[in-house]
C-alpha cells in the first residue's frame with residue numbers, strides 16, 4: 001500500500017477536502033490512474049470537485065516528487081503514488097494495465113560498463129510488456 005497521505009501530512013502539505021480526495025484516490029498498490037480516472041473516482045467521494053482542481057492537484061503532487069507521471073506507448077499519462085520505492089513496470093500491450101514490479105537485483109548492474117559509453121548513469125527505467133490475464137482470456 002502506498003503511504004501517500006502519510007507522506008503529505010509529514011511534509012505539512014495543506015490537505016483541503018479536494019486535495020485529500022485526490023490523494024485518497026491515488027493511495028494504494030498498483031495504482032496507475034489517468035487524470036480522468038482520478039477525476040471520476042474523486043467525484044464519487046466529492047461530487048463538486050472540478051476537473052481543473054484534479055489536474056492542478058496532480059501537477060502539484062508530481063512537482064513535489066510525491067507522485068510519478070508514467071507514460072507508455074503514447075497512451076494518456078498515468079499517475080503512480082509509489083514514488084519513494086524503487087520499482088519497474090509491467091504493462092499490458094492491449095489494455096494498458098500497469099503493475100509495479102520489484103526486481104531482486106539492481107537493473108543498472110545489467111548494463112555492462114563498456115555499454116555505458118562513459119555515461120554517469122543516474123536512473124534506470126525498465127518496462128516489461130506483455131498481455132495481462134484478463135486480455136489473454138478474452139482472446
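The values are calculated or read from the model by the stated rules, or taken from the named source; none is laboratory data. Just so it is clear, the model here is predicted, and its values are computed rather than measured. A quick note on method: Cβ atoms are made from the backbone with ideal geometry, for glycine too, and the neighbour counts reach across all protein chains shown.
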message = Can you tell me how many residues within the range 1-22 are within 15 Å of the chain's Cα centre (by Cα) and modelled with pLDDT of 95 or more?
response = 1
Residue ID - modelled with the highest pLDDT, chosen from residues in the range 107-139 that are closer than 17 Å to residue 72 by Cα and part of a loop (DSSP other than H, G, I, E, B) = 131
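Residues checked against (1) free of Cβ contacts under 8 Å to residues at least 24 places away in the same chain; (2) assigned by TED's automatic domain parsing to the domain that holds residue 26; (3) farther than 27 Å from residue 67 by Cβ:
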position: 94; (1), (2), (3): no, no, no
position: 100; (1), (2), (3): no, no, no
position: 105; (1), (2), (3): yes, no, no
position: 109; (1), (2), (3): yes, no, yes
position: 118; (1), (2), (3): yes, no, yes
position: 132; (1), (2), (3): no, no, no
note = Filtering the range 108-125 down to residues that are closer than 20 Å to residue 30 by Cα and exposed (fewer than 13 other Cβ atoms within 10 Å of the Cβ) yields 125
note = Taking the range 30-74 and keeping residues in a loop (DSSP other than H, G, I, E, B) and either in contact with a strand residue (DSSP E or B) (Cβ under 8 Å, 6 or more places away or on another chain) or at positive phi (or both) leaves 30, 31, 32, 65, 67, 71, 72, 73, 74
query = Condition test on residue 69, is it under 10 Å from the mean Cα position of the chain (by Cα), modelled with pLDDT of 90 or more and not assigned by TED's automatic domain parsing to the domain that holds residue 105?
reply = yes
inquiry  = Going residue by residue through the range 83-106, is there one that turns out to be out of contact with any strand residue (DSSP E or B) (no Cβ under 9 Å at 6 or more places or on another chain), on the phi < 0 side of the Ramachandran plot, in a loop (DSSP other than H, G, I, E, B) and buried (at least 16 other Cβ atoms within 10 Å of the Cβ)?
reply    = no
message = With the requirement that a residue be farther than 21 Å from residue 103 by Cα and at pLDDT 80 or above, what does the range 72-91 give you?
response = 76, 77, 78
